[in-house]
Structure formats: C-alpha cells, structure tokens
Amino acid sequence: MDYDWKTIKFAEKFIEESQKEKFPYFMNPREVFGLKIQVSKHVFSPKYGEGYKHFMPFLPDVKGMRILEIGCGHGIVSCYLAKSAKYVLAVDINPYAVENTRINAEHNFLKNLEVRKSDVFSNIKKNEKFDLIFWNIPWAKIPEGYKELKPEDFSVFDVEHKALSKFILESGNYLNEKGSVYLFYGVEGADINLIGDLIKKSGAKKELIKKFIFEEKAKDKKIEYHAELIKLSY
C-alpha cells in the first residue's frame, strides 16, 4: 500500500490542534449521549473527532453482556455501553487515556467498568472471555520510523497496522461462544487490502453493519471521511 499522506498530515494537524485546549475540560452532555465526560491532556478529544456520533447508535444491544473495548481513549464508548452491559473492560496503551476513562467512569457512577493499561491484548488474561469486543481503530497506517509517537498519537496512528493485525488475528481467543467483534475504521488512511487479508487469515466471517460519510475539520483544512462499521464472527 502507498501511504495515504493526505490523511496522515491532516491527522497530525488534528492531534496538534486538540492539545491546545485548557485541560481538563468537560464536553457538553448533549454531544456525548448524556454522559459526563471530562477530557484530559494527552488524550485525543471527542471534540475533534466525531466518528463516535456516527457508529455508536449502530452498536448492538449489550444488555447483560461482558464487553471489551480496545483503545478506550476518553471513555465515551465504554461508559455508554456500561450503562446496560453486565461488565465492561476498557483498555488503552496510553496511560493518560486509562486515567481519563477511569475518571469518567467515576463521573458517571459506573461500578461495572474496569480500566487497564494494555497494548491490545497484552494485559488481558487468557481465561477472560467477552460477548463483544470493540475497537474504533487508529485512523492511519504509518511507516516504521516515521515519527516518535506521543501518547495522544496512538489514537490516530498505527505503525504498519501492527496493532490492528494483532487485534484481528487474536480477538477470537477472547470471545465467548457466539461472541462477536465490532470494528470501526476509516477507509482513508487504512490499508483496506491488508484488513481484508487479515480477516481471511483469522477465519472470521465479516458482516458490513454500516457505511458512513462525514466531514472532519482541522484549522482551515477539512476532509470528507469515509468509514465502515463491521462485525466479525469467529
């Protein structure tokens, strides 16, 4: 794949702009499904990336389920799902995101939401099984050695899609019988052929839940963003 440099450069502006706020600050509850969401420094803010508004209404009913969210960031998705799920485990490689999600779990009185630092499945036990695993993956594949990633960069960049590869190939090991994986990703910036190859290699069955087209803005730049929500059954 040729790297999508337009999306990579745009994403860099997005990250840079998101870190110029006065931290911490709170989102308007109307913008985050009625939740009380605090945004901390070094965490990519939902104020700057609104993909969650598009995919969250299309996630399944999780009442009574055990849920795992990879890359929880500020914790909107995990908090939202914890309102009806039996148990939610939210993990992130970024320690600032882990603390931010933990704070937001407390703000929303969610005692069934556990938060851990983990690089994909690195801090998840083999005997921990889930009914649904979700990841809103980093926007863009970048080459090895392109840049030294800051904590907030992990929400946007995935070096050679190494994290995504691990996620697709290993998710089945952490699912209960009849459990499924939901994956939200942008078409721009991602290596769609690699994603398809990984799904085939994993033996998972892919189901397209919804395609999305929306606009993202950073400074005086904007981009028409195409994304997909898919379901994988292992």
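Of the residues making up segment 56-75, not a single one is at pLDDT 95 or above, among the aromatic types (Phe, Trp, Tyr), surrounded by 14 or more Cβ atoms within 10 Å (Cβ to Cβ) and under 20 Å from Leu229 (Cα atoms). When each of Lys178, Lys210, Lys200 is tested for being part of a helix (DSSP H, G or I), surrounded by fewer than 17 Cβ atoms within 10 Å (Cβ to Cβ) and not hydrophobic (A, V, I, L, M, F, W, C), the lone residue that passes is Lys200. Being without any contact (Cβ under 8 Å) to a residue 12 or more places away in the chain and more than 19 Å from Glu17 (Cα to Cα) is a property that holds for Lys200.
Is it the case, given these coordinates, that Phe154 is touching a Gly at 6+ places or on another chain (Cβ under 9 Å), in a helix (DSSP H, G or I) and within 23 Å of Phe212 (Cα to Cα)? I'd like the intermediate steps shown before the answer.
Numbers: touching a Gly at 6+ places or on another chain (Cβ under 9 Å): yes; in a helix (DSSP H, G or I): yes; within 23 Å of Phe212 (Cα to Cα): yes.
So Phe154 fits the description; yes.
Every residue in segment 193-232 that is at pLDDT 90 or above, within 17 Å of the chain's Cα centre (by Cα) and farther than 17 Å from Phe134 by Cβ, please. Full working, then the answer.
Initial filter on segment 193-232 (at pLDDT 90 or above): 193-213, 226-232.
Filter again for within 17 Å of the chain's Cα centre (by Cα), leaving 195, 209-212, 226-232.
Lys211, His226, listed by residue number.
Yes or no, residue by residue, for (1) within 23 Å of Lys86 (Cα to Cα); (2) touching a strand residue (DSSP E or B) at 6+ places or on another chain (Cβ under 9 Å):
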| position | (1), (2) |
| --- | --- |
| Lys129 | yes, yes |
| Phe134 | yes, yes |
| Ile142 | no, yes |
| Lys150 | no, no |
| Ser155 | no, yes |
| Val159 | no, yes |
| Asn176 | yes, yes |
| Gly186 | no, yes |
| Ala227 | no, yes |
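Against the conditions (1) closer than 20 Å to Leu149 by Cβ; (2) under 13 Å from the mean Cα position of the chain (by Cα), Lys53 satisfies every one except (1).
Number of residues in segment 124-151 that are at pLDDT 95 or above and either outside any loop (DSSP other than H, G, I, E, B) or of a type in the set (A, V, I, L, M) (or both) equals 13.
Tell me yes or no: at least one residue of segment 51-60 is of a type in the set (A, V, I, L, M) and not in a helix (DSSP H, G or I). Yes. Here Phe44 fits the description: buried (at least 17 other Cβ atoms within 10 Å of the Cβ), of a type in the set (Phe, Trp, Tyr) and either out of contact with any helix residue (DSSP H, G or I) (no Cβ under 9 Å at 6 or more places or on another chain) or assigned to a loop (DSSP other than H, G, I, E, B) (or both). Yes or no: segment 18-41 includes at least one residue that is of a type in the set (A, V, I, L, M, F, W, C) and either part of a helix (DSSP H, G or I) or within 21 Å of Glu188 (Cα to Cα) (or both). No, segment 18-41 contains no residue that is of a type in the set (A, V, I, L, M, F, W, C) and either part of a helix (DSSP H, G or I) or within 21 Å of Glu188 (Cα to Cα) (or both).
For Tyr225, the conditions (1) under 20 Å from Ile70 (Cα atoms); (2) surrounded by 19 or more Cβ atoms within 10 Å (Cβ to Cβ); (3) in contact (Cβ under 8 Å) with a residue 24 or more places away in the chain are fulfilled apart from (1). Among the residues making up segment 189-229, those that are of a type outside the set (A, V, I, L, M, F, W, C) and in contact with a Gly (Cβ under 9 Å, 6 or more places away or on another chain) are Ser202, Gly203, Lys206, Glu216, Tyr225, His226, Glu228.
Residue selection: Asn28 fails the criterion of being within 13 Å of the chain's Cα centre (by Cα) and either crowded, with 17+ Cβ neighbours inside 10 Å or over 24 Å from Ile209 (Cβ atoms) (or both).
The values are calculated or read from the model by the stated rules, or taken from the named source; none is laboratory data. These numbers come from a predicted model, not from an experiment. Don't worry about glycine lacking a Cβ; one is built from the backbone with ideal geometry, like all the others, and counts go over all protein chains shown.
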